[in-house]
Each structure stands twice: as structure tokens, then as C-alpha cells.
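Beneath this line is the structure, given in C-alpha cells, with notes to follow.
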Amino acid sequence: MLFDYSKVADAMSNHAEDFVYVILILIAGLIIGKAVGKVIRALIDKTGLLRVIKGTKSKESTRRTSFTLLNFIEAVVRWTIYLIATGQAIEILGFEELTRAMGELVKFLPNVVIALVIVIFGFIAADKIVSALDDFLRESKLPNYTIITSSVRYSIYIIAIIMALAQLHISTQVLVVLAGVFSFFFVVIIAIGAREIATNLFAGLQIIWYRTIAVGDVIRVEGTEGVVDEIGIISTTVKTEDGEYVIIPNSHIANYKVFKKLS
């Protein structure tokens, strides 16, 4: 007979009490994990600890982000308790290798949690910073400013990912090199953009100070003719006869001939 069922039955009967303890521990871990997770979720939700993500332009985005973070925190608490309960159950059964592996996993779990937290809050920080930068650049009417906002966003993403991988003890040398290359091009883009902003800014101050043009004036600049609708620090908006609004950088008004019709 290849398989002795009697020995298996004897082994199971000898460890019957252990199996009962194991089942009870697993059930208790499941119940306690779910209960504690819900309690933690309720406390965080009621105490307003997630107000840090409030104030974004999109309420729907804020609601989704809050919900995602609450789910994440609840899941971390639940699975931590599940793993502890499973480790205790394995230890009772006498599986030394599995017990050791579970112990190492539980010890490493905080690193995983910290890595995930870094990534989540890194993405939230990127969203907030880019949102504020986007508002500023839109008000300044700087053309092609999306290149700057995208560069800022992905720079923050890369930094967050590198920090998260470092927590997981994963080599980040390749990412650091890529981040360095990306940062170089980012600095070049920012330098070019800052130069353009500075040129238009000084031209705008010159226009406002000397009042070379005013709102309501009819002007023609480089083939564009219309009524001055708005004079900003970075650019000037002109409304053409067709009803179209043309944004002209102030440096063009300062450096090119401007024909103004006198009323």
C-alpha cells in the first residue's frame, strides 16, 4: 500500500487540538482585521486627517483621492492583522521555514507601506503643485506652458518612485541616471521659459509705465489688427474685426512697430 491512511488519521487526531486553534486564530484574525480596518477608516474620516488633499480645483478629484487613501489605509491595517494571524497559525502547526518566512514578511511590511505612502503622496503633491503652476502660467498667458507643467509633474513622479524603491531596497541607480538626464533637460526648458517670461515681463512693465497703448486702442502689430481688450504683464489680448481674440507677447509689442489709430 503506497499511502497509509491510518498514519494520516493518527497524525490528524494527535494534532486535532492544534487544528482547532489554527482555525480559531484565522477566524479571529479575519474578524479583528475587518473590524479594526473599519474603525480606523471611520476615525480618519471623522477627524479630518485627510484635509491635506482638500482644496483641489476638482471636487470629484478630491473625493476620489480621499476614497482611495481611505481604502489604502484600511487595507494595510486589515492585511497586517491577517498576516500576523496567519503567522501565528503556521507557528502552531510547527512549520519552521514558513514561520521564519512569515516573520520576515511581517518585518518587511512597514517598508512596503512606507513605499506606497511615498508614491501616493508624491502623486498628490505633483497634482497640487502642477495645478497651482498651471493657474499661474495660464494667467500669465504664456504660450506652450504645458511643457513646463508636464516636466514638473514627471520630475516629482520620478523622485517619488526613486524614494519608494529605496524603501524596498531595490537598486535605483538606473532611475537616478534617468532622473539626472531628465532634470538636465528640465532645467534647460525652465531656463528657456524663464528667459521668455522675463523678456515679456519687462516689456509689459514698459507698456504699462509709459502707456504706449491702452485698452480700447486700435492697433496693428505684425499683420494683426484689432482693439486692445486686455493688457497683461506677460501678454496683450487684441480683439480683431472678426471677433477673434489674439494673444500677443508684450516683447513683440515692445520690439516691433506698432501702428495705433488715433480716435
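The values are calculated or read from the model by the stated rules, or taken from the named source; none is laboratory data. Just so you know, these numbers come straight off a predicted model, no measurement behind them. Cβ coordinates were reconstructed from backbone atoms using ideal geometry, including for glycine residues, and neighbour counts include every protein chain displayed.
General observations
- Only one of ILE114, ILE120, ILE124, ILE81 that is in contact with a Phe, Trp or Tyr (Cβ under 8 Å, 6 or more places away or on another chain) and part of a helix (DSSP H, G or I): ILE120
- The lone criterion from (1) β-branched (Val, Ile, Thr); (2) exposed (fewer than 14 other Cβ atoms within 10 Å of the Cβ); (3) at pLDDT below 75 left unmet by VAL20 is number (3).
- PHE72 modelled with pLDDT under 70 and under 34 Å from the mean Cα position of the chain (by Cα): no
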